[in-house]
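First the structure, in the form of structure tokens, and then the observations on it.
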Amino acid sequence: MPATSSARLTLARIRIGAVGIGIRIEAVLQALPLPATLDRLPLRTHALLGMVEHDGVAVPVVDLARWLDVGAAPADAVPQLLLLRDGDRTVGLRVDALDELVEVEAAALQRLHHRDDPDDVFHSAAPSGNGVLLSLLEVTRLADLAQCWSTAPTAAAPTASTAADTLQRTCYALLDTGHGLIGVPPAALAEVLALPALTHIGSSAWCRWADSQLALIASTALFQAPGVDTRVAAAPLLAVLQHGDLALGVPVQAVLRLEDFGPGVPSTDGVGENVIDASGATVLLVDVARLLARHPEAALARGDSVTSIASTSVGAGTSNAEAYIVFDAAGLQALPLAAIEQIVSLDVPPGPTMAWQGAAIPLIDLRGAAPGVDGAVLVAQGAHGLAGHIVRRVQSLIPAGVGRMFNMGANGTEFITTDDGAQEATYRIATLSALQAAN
């Protein structure tokens, strides 16, 4: 049946050298960074660049530039690896850029090369807007011509029902982050609320939510654009993404609507898939479980269920079961984040009390001699109830699972050690009662 004007195709727009290429979205399995080195499969003459391991399977990687004159890629091009599927066959393709998804009318496809030559992998072109034409890559011809592909050992031949399943559409809540659109499964969108007061430490931020601490990530971090500022910025709303007992907050500009989407092109960092919405805009469909698993600070949402009890019997060094803040109170020390209600700036010279939620609570200065006028206040439960504790500064946040816990000395003094690959630091674990007693 001839294509009608209502039939539309979604293409992944890529670039190899100076050539713009379109690939049907159904043929795109995943986009990955291209490894610096590939394992070799020696061949006398071939377009095979090498091979990589993906999900336990060796996948051959083809470089079309070895076959075709595609021109030179821009100097700032960052090569990527596109995994393509043709039925149960998988082949990798080296590309210089994965630009975006475009939708085209099926009727707009034009066959330009009419000789059915098995040595050609392009025979049609499609307009992608702004007067730009894309050469349509035939993945079946690519695999046939390269005679290189892999098949999963347990892969079964696709049936009509399984092929239909891959095109199943799923409902997502569409959110505008101000840096791009994201889609979140409604079941994973725990709440959208006005952005509450935030506590900032360096590029990290968190707030109180549902009787626990909630870590925030910048919406820019979702899109992995090079050179983008990933500090948490102000926004009207906070979207809380939750899976199990893990949660993260993402500042957003607006909640738009619910929309159904089919399969998309996997994002380079693997946190979701890129699709096109009804208006033609690109949307990142977020895999919330995978996103939270990549951020240890998502465990802050567990609240009081994660306590320092898990780390009181450590000797040789175990991972910290809860998050800690590092602060300076006559020396750098660490304190469990769960013990702190809020961190506020010291804006005025301190007195014996401070106003807190309509009441006066004691204010205790932990800065030692010559405290100065600058500082931060940790509002937390101490030996004598809720109080404000003045420290010189709050330095950093150590998420759960990032540090190592140690007991040292005859009295079992507890320490936490962090190592970012460039520098190792060790901090003594403090208690508010001991700090109060020392001041």
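So what is Rg over Rh here for segment 172-301, counting just Cα atoms and using Kirkwood for Rh? Could the numbers behind the result be given before it?
Numbers: Rg = 13.7 Å, Rh = 14.7 Å.
Result for segment 172-301 is an Rg/Rh of 0.93.
Could you order the peptides 98-110, 344-356 from most to least packed, using the average number of other C-beta atoms within 10 Å per residue? List each step's numbers first, then the result.
Values: 98-110: 16.1, 344-356: 12.6.
Highest-to-lowest ranking by the protection proxy: 98-110, 344-356.
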request  = Please calculate the 1.4 Å probe accessible area of residue 179, with all protein chains present, and give it to the nearest 10 Å².
outcome  = 120
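Just the number please: accessible area per residue for segment 192-301, 1.4 Å probe, all protein chains included, in Å².
Roughly 41 Å² per residue, with all protein chains present.
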task = Report residue 404's accessible area, 1.4 Å probe, all protein chains in place, as a number in Å² to the nearest 10.
result = 100
task = Rank these residues by their accessible area, most exposed first, probe 1.4 Å: 364, 276.
result = 364, 276
request  = At a 1.4 Å probe radius, which order do 69, 245, 374 fall into by accessible area, largest first?
outcome  = 69, 374, 245
request  = Could you tell me what percent of the accessible area of segment 7-76 is made up of carbon and sulfur, with a 1.4 Å probe and every protein chain present?
outcome  = 52
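The values are calculated or read from the model by the stated rules, or taken from the named source; none is laboratory data. All of these numbers come straight from a predicted model, not from anything done at the bench. Quick reminder, even Gly has a Cβ in these numbers, built from the backbone with ideal geometry, and neighbours come from all protein chains shown. Heads up: the accessible areas ignore ligands, DNA and RNA and are worked out on the full protein's heavy atoms, side chains in. Shrake-Rupley method; radii C 1.70, N 1.55, O 1.52, S 1.80 Å.
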